[in-house]
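These notes concern the structure reproduced below.
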Amino acid sequence: MGAQELTGRCVVLGAAPVLMPDKIKSYIRQDDYIICADGGLRTAQRMGIRPDLLIGDFDSMEQPACRPAETITLPVCKDDTDMMAGIKEGITRGWKRFLLLGATGGRMDHTIANLCALDFLARQGMENWLADESNRATVVQQGILELRGMNGRLVSVFPFGAPSCLLSYEGLQYPLCKESLVSVEPRGVSNRAVSDLVRITVHQGPALVVLSDEN
């Protein structure tokens, strides 16, 4: 199947702890292609989801004796994390829209690595999202990000992988018009949507956009 034919979404499920599996499962659609990165298989099993592909070095869990899906075994000594290896395999198979789950919490270095993976996807021109129980995040290189159903929700934006980003906001309590945010001043944190439609224009990026629920 050619890459131009894959119009669905690739979900890469990592090994980070999931406290609310039902909430994480709600992000998954019936037609998603699911890649479990190493210990992400445990979370898939808790949610009653059968993956399409299992990939990893299996240092966080034993390789299953009965493989529930096609399996790619990686060496322990490698440059990529299991999550990044799953992402690259998804790209190789033609997917252009990605959602990372089981990607935050636990080890902070892995959380940061997974945010870097969003930047990697953005630089490849891929749609990229990461979600956990309370947050969704995406990296935008350049262009317009439109978000709907946002009224009252918290929106934060940070430069990512660069000292600054140039932005315009519409539909947020504190709007911007071609203003810079810089990495040493987290001025873009905790803005609030004042309309259903929020439009974030990234004139120069990359920018990390985080949507947060208030608990």
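In table form, for the structure just shown:
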{"quantity": "Eligible lysines near Lys78 by straight Cα distance, threshold 21 Å, same-chain separation 8 or greater", "calculated": "Lys88"}
{"quantity": "Shape call, the stretch 48-173: gyration tensor on alpha carbons, a/c limit 1.5", "calculated": "prolate"}
{"quantity": "Highest-fluctuation residue, Ala117, Ala162, Ala137 considered, GNM on the chain with Cα pairs under 10 Å", "calculated": "Ala162"}
{"quantity": "Mean ellipticity per residue at 222 nm, deg cm²/dmol - from DSSP H runs of n ≥ 4 across the chain, formula -39500 (n - 2.57)", "calculated": "-5500 deg cm²/dmol"}
{"quantity": "Peptide ranges 196-203, 95-102 listed from the most packed, as the mean C-beta count within 10 angstrom indicates", "calculated": "95-102, 196-203"}
{"quantity": "The stretch 167-215: GluC sites (Glu not before Pro) falling in loop per DSSP and having at most 10 other Cβ within 10 Å", "calculated": "Glu214"}
{"quantity": "His203 paired with Met47, simple spin-label distance in nm, labels 7 Å along Cα-to-beta-carbon", "calculated": "3.9 nm"}
{"quantity": "Fraction of accessible area attributable to carbon and sulfur, the chain (%, probe 1.4 Å)", "calculated": "51 percent"}
{"quantity": "Residue with peak Gaussian network fluctuation, the chain [Cα springs, cutoff 10 Å], from Glu70, Glu89, Glu127", "calculated": "Glu70"}
{"quantity": "Contour excess over end-to-end distance, with Cα ends at Glu146 and Lys78 and 0.36 nm allotted per residue", "calculated": "20.8 nm"}
{"quantity": "Set of lysines near Lys23 by C-alpha distance (under 25 Å), chain-local residues within fewer than 8 positions excluded", "calculated": "Lys96"}
{"quantity": "Most mobile of Arg148, Arg192, Arg46 in a GNM of the chain (Cα contacts under 10 Å)", "calculated": "Arg148"}
{"quantity": "Relative contact order computed over the chain (Cα-Cα under 8 Å; 6+ residues apart), in percent", "calculated": "19 percent"}
{"quantity": "Cys177, Cys36, reordered so the largest accessible area comes first (probe 1.4 Å)", "calculated": "Cys177, Cys36"}
{"quantity": "In nm, spacing of pseudo-spin labels at Glu70 and Arg29 (7 Å Cα→C-beta vector)", "calculated": "2.1 nm"}
{"quantity": "Accessible area per residue, Å², the chain with all protein chains present, probe 1.4 Å", "calculated": "50 Å²"}
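The values are calculated or read from the model by the stated rules, or taken from the named source; none is laboratory data. Everything numeric in this text was worked out from a predicted model, so none of it was measured. All Cβ positions, even for glycine, are placed from backbone atoms using ideal geometry, and neighbour counts span all protein chains on display. Each accessible area value is taken on the protein alone, full model and side chains, heavy atoms only, with ligands, DNA and RNA left out. Shrake-Rupley method; radii C 1.70, N 1.55, O 1.52, S 1.80 Å.
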